[in-house]
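These notes are about the structure you will find just below.
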Number of protein chains: 2
Amino acid sequence: MSSPSSPSSPPAGLVQKLFQYIDLHQDEFVQTLKEWVAVESVSVQPVPRLTQELLRMMALAAAALRRLGARVDLVDSGSQQLPDGQTLPIPPIILAELGDEPKKPTVCFYGHLDVQPAAQADGWLTDPFVLTEVDGKLYGRGATDNKGPVLAWINAVSAFRALEEDLPVNVKFVLEGMEEAGSVALEELVKREKDGFFSRVDCIVISDNLWLSQRPALIYGTRGNSYFTVEVKCRDQDFHSGTFGGILNEPMADLVALLGSLTDASGRILVPGIYDHVAPVTEEERELYAATDLDLAEFRRSAQVKKFLFDTKEEILMHLWRYPSLSIHGIEGAFAEPGMKTVVPGRVTGKFSIRLVPHMDPPVVERQVKQHLQRVFSGRKSSNHMAVSMALGLRPWVAGLEDSQYLAGKRAIETVFGTEPDMIRDGSTIPIAQIFQDVLQKRVLMLPLGAVDDGEHSQNEKINRRNYIEGSKVFAAFFLEMARLHEQRQHCPA
Amino acid sequence: MSSPSSPSSPPAGLVQKLFQYIDLHQDEFVQTLKEWVAVESVSVQPVPRLTQELLRMMALAAAALRRLGARVDLVDSGSQQLPDGQTLPIPPIILAELGDEPKKPTVCFYGHLDVQPAAQADGWLTDPFVLTEVDGKLYGRGATDNKGPVLAWINAVSAFRALEEDLPVNVKFVLEGMEEAGSVALEELVKREKDGFFSRVDCIVISDNLWLSQRPALIYGTRGNSYFTVEVKCRDQDFHSGTFGGILNEPMADLVALLGSLTDASGRILVPGIYDHVAPVTEEERELYAATDLDLAEFRRSAQVKKFLFDTKEEILMHLWRYPSLSIHGIEGAFAEPGMKTVVPGRVTGKFSIRLVPHMDPPVVERQVKQHLQRVFSGRKSSNHMAVSMALGLRPWVAGLEDSQYLAGKRAIETVFGTEPDMIRDGSTIPIAQIFQDVLQKRVLMLPLGAVDDGEHSQNEKINRRNYIEGSKVFAAFFLEMARLHEQRQHCPA
């Protein structure tokens, strides 16, 4: 491993030139982000209109990559059959490459162009699909998750191209449109291209998370996720609560009892056995949490949360990163709109998910949850029908901190921000990291650009202009650092 | 009280002529119902588009009444302020009258032209706003609740007019557009017009319920309703379940616990004191339930319910009519759409209602529910904020069975259907009945036209063509019976 004070730093003049180019062209970069945010590329609600938007988004990205000079494949991903029998295409996955020089390292960027649903009526202050800048904040669905970071990488490459500077790395892109819906079809493609597109890749960079504080960060682990639906059905139609209230096992009463049995008031998961496979906390790990930069008061303020379940930094970080959590997302089939409706819903589906940590395994969790819900339901002696399903089961991921891509990322951040990054985990799920590591045996770097208050998945999602533009610089610097470490390794093999 | 075998029956020739006219013009009557169903006059979701539809519906009804020759007032009802500060007009209430002869009795028909929300995506087999006939069933939102019955009354009057027969009663109409939203503004109008429009009214007829079986019915009581919202708030925005799952008091967990504390698995309400004011069951009452015609197997089949909470006819009728019930309607603010969304909702509002029976009083119920929820919530020691509100509190109603309007209704049904009606109650709420009785001291008759399987408030609402057309005849016969009883009473005062 090279020492941080290695003499062969990238030439300062080139770095300055690149950074200046990025600063001068920042309004163009914001304009492109605006065009991308304007596409309502929602993947989790498979309907024809949104599928069209997804296809349009992939075509837009392919065009941008071709303008860089990349060779771009739009790989057909087949189609998905919906529960109602309808068939919709899965958006193609973009595989693109720029440069193929054996002497240079090959860095592959993974990103996604699909977004979570958003509607202004849910509490957005601006149209979620019109990127709107207020006080240096660029508001819009997908601004930080993940369209902004994808463009930051493209901006970095474009700076080299525009300045006619030699790109110090071969660059590959894997861009998909189904990340929010569980990266359908991507795993299969990765397996198929293991000895093809991915064979010469040295490391894979993912920028699909957030910093923990105002300080830049590198991420070395993510939680997995198991997403459950539990349907309780009396009949397909709803009832009038006057005409039938009092003589029915109401599906909502059953469902509320089932969902209420999942956690206690302190957030602890009540599914028997669920904590059995959680890795014990080591002493080294405790030290890592103690060293992490987190201003609790500021975290609370930026999150706009009066009080968390825990009072210390260590407890909070561990419950976000290395313990499982269970969240109830909502209920489909009940009355969810404003106003009053005196309906007894006939069939309702509760949705909840459990974030998984090493060494929890989705099939085991699935069995535990199903057994638990079946026991609670049969205890109610309800005449309704219950069906539990695990719609998604994604394993957690942890990286090796000593790898060269982490060193390169660390230096790039130091160059741009003048500060060391926090080494952190992320409580959310980047299933593709696990797949890259398991299937390809490739190293992964998670280099987040977004600030802690970006609000990914929520109303008023944004990316700061500063994070977007400085992030583009970090990627440019990262290319130079990766090339330098590669060269050093070739001169002095470990 | 006249004996049923009274010699002065209405002339058989006239009855036959009226019935024949109605039979011959039934397709026209269905066509008008189709035009009325096509108006999306939803009152419970106050938005400008639907308010426009409501106003259009009231204008359509006013025009139909004017064609009958009625004098029609559209009484301004003011406006409502929504929680967001927006102001929308409340649809005007129609007061109409036809005939003013002091020798004739005056019957006033109350009906409503607003409907429950409906969307084909909720499971309708046809467009809910396109009346569609399948096997003698007329499917469409509002077909049975309450546009069909309003038109049946108009059809009955139009038969007399078209045949140039003297209308044996003076007829008044009160038609409103806010029934599903709690009859806002109607009570005030009723109070104001007590000595005006309503002064000479002999009885008020309401046809806003359903039969209990395949047998026609008269209804002598309805339950009241208290509609509650309980909001749990952490912050206005949602959270990402990866980024925040594990360290929050999640509002959905609190809300599910609150809603789960309301009833046990057998449907019994767990709010302390709630049963204290329920009238004790008398022996006479028990006999009435035992005598009521209800084929339990058929009821289950038509309701498409595998099993009810109770096994005997008596228990089922008492739990629908004379015991309170609690139904959870849904949750606003959580993820309610198809697909997967890994959101932690930041602010959620549960909606439930309690159907009230004599002698429960809405303000008392409100206090009991609030105390109960506050106790459960404080037991959770959550850092969230809870707010409980009773959005609606409507008292139950019970009628006197010996009144002349019940006798006239009974005879009209016998004439048309050749069978005695069931004397039943209704589990749903017709608040206006209570208002008419309390404020005006007028007698009320509830004469339902719809069949037990009409599905009011649910998907695939319908009215049978037979019920709609024979119902028009029942109203025509009712006019004649009321006139006859009136005449008898004038000759032999009690």
Of every Cα-Cα pair in chain A, the percentage lying beyond 29 Å is 53
The relative contact order of the stretch B:42-165, taking Cα pairs under 8 Å that sit 6 or more residues apart, comes to a percentage of 22
Taking r as the C-beta separation of A:Leu401 and A:His491 and R0 as 22 Å, the FRET efficiency to the nearest 0.05 is 0.40
For A:Lys442, the aspartates and glutamates lying under 15 Å Cα to Cα, once residues fewer than eight places off in the same chain are dropped, come out as A:Glu187, A:Glu193, A:Asp195, A:Asp202, A:Glu402, A:Asp403
Rounded to the nearest 5, the percent of DSSP beta bridges in the protein assembly as shown running antiparallel is 70
Hydrodynamic radius by Kirkwood for the stretch A:330-467, inverse mean 1/r across distinct Cα pairs, in Å, is 19.5
So the FRET efficiency between B:Asp361 and B:Gln20, C-beta based with R0 = 45 Å and rounded to 0.05, is 0.35
Rounded to the nearest 5, the percent of antiparallel DSSP beta bridges in chain B equals 70
Shielding of B:304-312 by other chains, given as the mean Cβ count within 10 Å, works out to 5
With +1 on the Cβ of every Lys and Arg and -1 on the Cβ of every Asp and Glu, the dipole magnitude of the protein assembly as shown about its Cα centre, in debye rounded to the nearest 20, is 600
In terms of the alpha carbon gyration tensor, root eigenvalues a ≥ b ≥ c, rounded if a/c is under 1.5 and otherwise prolate when a/b exceeds b/c or oblate, the stretch B:434-494 is oblate
On each of the three principal axes the extent of the alpha-carbon atoms of the stretch A:173-219, given in whole Å and largest first, is 40, 27, 13
Summing -39500 (n - 2.57) over every DSSP H run of at least 4 in the protein assembly as shown, dividing by its residue total and rounding to the nearest 500, the 222 nm mean residue ellipticity is -11000 deg cm²/dmol
Rounded to a whole number, the mean other protein chain Cβ count within 10 angstrom for residues of A:420-427 is 1
Any DSSP H helix in chain B with Cα axial reach of 24 Å or more and mean Kyte-Doolittle score of at least -1.0? Listed by number, the hits are B:48-67, B:362-380, B:465-491
Listed by chain and number, the lysines with an alpha carbon less than 19 angstrom from that of B:Lys233, same-chain partners under 8 positions apart left out, are A:Lys306, A:Lys307, B:Lys351, B:Lys370, B:Lys381
Contact order relative to length for the stretch B:412-468, counting C-alpha pairs under 8 Å separated by 6 or more residues, stands in percent at 18
So, with points 7 Å from each Cα along the Cβ direction, the A:Ala121-A:Arg49 label distance in nm works out to 1.1
To the nearest 0.05, the calculated FRET efficiency linking B:Lys307 and A:His277 through their beta-carbon distance, R0 being 51 Å, is 0.85
Rounded to the nearest whole number, the Stokes-Einstein translational diffusion coefficient of the protein assembly as shown at 37 °C and 0.692 mPa s (Kirkwood radius, C-alpha pairs) in µm²/s is 104
Of the stretch A:82-125, those with amide N under 18 Å from the point 7 Å along the Cα→Cβ vector of A:Arg71 are A:93-109
Between the alpha carbon centres of the stretch B:458-494 and the stretch A:409-431 the gap in Å comes to 79
Taking every residue of B:261-268, the Cβ atoms of other protein chains inside 10 Å of its Cβ average out to 4
Output ordering of A:426-433, B:24-31, A:43-50 (per-residue mean of other Cβ within 10 Å, highest first) is A:426-433, A:43-50, B:24-31
Filtered pair list for the stretch B:84-174 (Lys only, Cα < 22 Å, 8 or more apart or interchain) has a length of 4
Taking alpha-carbon centroids only, the stretch B:52-110 lies from the stretch A:300-341 a number of Å equal to 48
Note on chain B: contact order normalised by length, alpha-carbon pairs under 8 Å, 6 or more apart, percent, works out to 24
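Values quoted throughout were computed directly from the atomic coordinates according to the rules given, and no laboratory measurement underlies them. Quick caveat, the model's predicted, so the values are computed rather than measured. Because the Cβ atoms are built from the backbone with ideal geometry, glycine has one as well, and the counts that use them run over all protein chains shown.
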